[in-house]
Structures are given as structure tokens and as C-alpha cells.
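Notes follow the structure.
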Amino acid sequence: MSVNAEAMRSGAREAEERPVVSLIICTKNRGQQLRACLDRVARLKAPFRWELILVDNGSTDDTAQVMREFLSRFPGEGRYLHESRPGNGAGRNAAIRVSRGGILAFTDDDCYVEEDFLVEIAKVFSDPRVGYLTGRIMLFDPTDYRITVNESPQPRRISAGRVVPHGLVQGANMAFRRSALEQAGLFDEDFGAGARFAGEDWELALRVSFAGWDGGYFPGPTVWHHHGRKEPEARKLDRFYTIGEGAVYAKGVISHRRRLKMLGYWLKRLGGDLLKRRSMHRVRLVTWGALQYVLLRIRHCQRTETAR
């Protein structure tokens, strides 16, 4: 047998052995909440190989113990990963780098996945044009504030190259094709829970769309969000999200090749807000977020110049 033929067979065997999906869950100091999340992960059913990667993002409680105990009895392929750098983006990127699946699925430590979660994700990605998705997020506790949920039964497909609408892609239920991330890059670690700005999910989906991939909202993959936030806490979180929205606009206008599309979308949203006097506070927060991102980029450039 020729060397080339043997290499081709070896590559084919490796592809067959590779998991179809890598499910990634990042957490920090939420050991008790994580137990309930993992109890539902243990019930996942899929007719294909998949792997679970649990990322301890610098916890000081019993999170590491909870993860290790779960993985010790988990019948599938599982891995514990410690990432000391703060931020959800850093944790997710660390997991992506060690993952092997062709599809990278994400949920949060306060979510409960449906048994067919991975199957439904794989169905969407059976279309080779799809590079990213977000799925249905149901509110688990009806007394919680209705934030970070999307219970719509109607799919919403976004064509490649279009601006992904703000709020459509949510980290509690999202997935990306590995080859799409190889083109668009990984999460921006300046964004995400534990980082300076919110919006790492939306920002990455924008780059994947601009890289030439379809995507959107598909209600098949479903999770139940048990975030536990009541109105006062939820309003504080919404402030963080709104500032992050402005930062994503600023990055898009500064960095993306499709900057004119991003600017047009931003101005359209701004015009809609200005027509509603009640939204002036939101306009100020978005503007503040954009300004803070520009200042952050300036400091990054200054540090780079100093290091040379």
C-alpha cells in the first residue's frame, strides 16, 4: 500500500472516531446550580458519538469537585478543564482548543437541556450552509424575570453576510460549526460574563455570518433556563447587556469588513430608540459601551506599541 493511500485511510478512521458534537459548559462558583444542570446532561440521548467538556473558570467553591464526581460516573466521553483566565470567552476558547467535535454546542450552568438537544442541533447542521445556530430557551421558573429567554416556535433563518439581529443568538443555547470558526476566529475574550463587556455570543455570530455562513434561530434544540433572577437583579443584568451591545457596534464599525452594514444597523436601532422617549436611558448606555470599547482598543494599541 502506498504512503498516500495509508494516510488517506488513517484520516478516514480519525474522522469516523471523532465526536459529531462537543458539548461545552463553563461555570464559576456555582457548584450547587451545576449539579442540576449536569443531572439533565446525563439524560441526553444521541445516536452518534459526542463529548462533554466541563470548564471550571477559576472557581473557589466546590465546582471542581462537582465536575470530577460527575465525570467519574459519566458513561460517555467527558473531560474536566480548568481555565484561570477570567471570562466566559476565555473558558469557552480553552474548551474549543481541546475539543474534537465538528459541531461545538454551548449551554450554561443554569440551564436544563432536553433529551434530544444534541440530536436537534445535528439536524440543523445537516444543512452544510449553516455555520451557527441559537435554539429555544424556555423560562423554567415562571416567577423569574423574563430575561434571556426565547420561546418562539417559529424559526428565523439569517442569510450569509447579513447582520445578525441583536438578541437573537444567546449563549444559553447556541452552537457553531468548527470549520466556520476556523474562518471567523474564536470568542473575543473582551466580551462575555466575567469580562468587560457582554455580547460574546452575538459578536461571534456576526463574524461567522460575515465569513459567509447562514445561521439563525431554530426552535428544535431546547433548554430550560433556571436563572433565578427577579426584577431588581435582572435590570442590573440588562444594563450590562446594553453596554455590551454598544461595544459590539463599536467593534463592528472599527474591525469588520462589513462595517457599513454594522453602522447602518446601529443607526437604524438608534433611530428606533430615539423615537421612544422612554429609551433615552438605553441610548446613553449603548453610547457609553461604544465609547468604552474604543478606549479599550486605544489602550491595547498603546500597550502593543510599548512592547515593541
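The values are calculated or read from the model by the stated rules, or taken from the named source; none is laboratory data. Quick caveat: nothing in here was measured; it's all calculated off a predicted structure. A quick note on method: Cβ atoms are made from the backbone with ideal geometry, for glycine too, and the neighbour counts reach across all protein chains shown. All accessible areas refer to the heavy atoms of the entire protein, side chains included, with ligands and DNA or RNA removed. Shrake-Rupley method; radii C 1.70, N 1.55, O 1.52, S 1.80 Å.
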(message) In whole Hz and in residue order, list the ³J(HN,Hα) couplings for segment 149-166 that follow from phi through the Karplus curve 6.51 cos²θ - 1.76 cosθ + 1.60, θ = phi - 60°; x for Gly and Pro.
(response) 10, 8, 9, 5, x, 9, x, 9, 8, 10, 5, 4, x, 7, 6, 6, x, 4
(message) Can you give me the C-alpha center-to-center distance between segment 158-173 and segment 270-291, rounded to a whole angstrom?
(response) 21
(request) Would you kindly derive the ³J(HN,Hα) couplings of segment 122-127 from the backbone phi angles with the Karplus curve 6.51 cos²θ - 1.76 cosθ + 1.60 (θ = phi - 60°), listing them in order in whole Hz, with x for Gly and Pro? (result) 4, 4, 5, 7, 5, 7
(request) Report the local net charge at Val124: Lys and Arg +1, Asp and Glu -1, summed over other residues whose C-beta lies under 11 Å from its C-beta. (result) +1
(message) For Glu69, what accessible surface area do you get with a 1.4 Å probe? Give it in Å², rounded to 10.
(response) 70
(message) If I compute solvent accessible area with a 1.4 Å probe over the protein chains, what percent of it on the chain is carbon and sulfur?
(response) 53
(message) Of Thr222, Gly185, Gly76, which is farthest towards the positive pole of the chain's charge dipole, taken about the Cα centre with +1 and -1 on the beta-carbons of Lys, Arg and Asp, Glu respectively?
(response) Gly185
(message) Between segment 201-267 and segment 29-87, what is the separation of their alpha carbon centroids in Å?
(response) 26
(request) For the chain, find the longest principal axis of its Cα atoms and tell me its angle to the long axis of helix 88-98, 0 to 90°, nearest 10. (result) 30
(request) Show the residues, 5+ positions off or on another chain, whose built amide H is closer than 5 Å to the amide H of Asp61. (result) Asn29
(message) Just to confirm, what accessible area per residue do you get for the chain at 1.4 Å probe, in whole Å²?
(response) 49
(message) From Cα pairs below 8 angstrom and at least 6 apart in sequence, can you work out the relative contact order of the chain, rounded to a whole percent?
(response) 18
(message) Straight-line reach only, C-alpha to C-alpha below 20 angstrom: list the lysines that Lys276 could link to, leaving out same-chain residues fewer than 8 apart.
(response) Lys268
(request) Provide Rg and Dmax in Å for segment 175-308, with only Cα atoms included in the calculation. (result) 16.4, 50
(message) What is the angle, in °, between the Cα long axis of helix 63-73 and the longest principal axis of the Cα atoms in the chain? Nearest 10 is fine, range 0 to 90.
(response) 30
(request) Provide the three semi-axes, in whole Å and in decreasing order, of the ellipsoid equivalent to the chain as defined by the square roots of 5 times the Cα gyration tensor eigenvalues. (result) 31, 24, 20
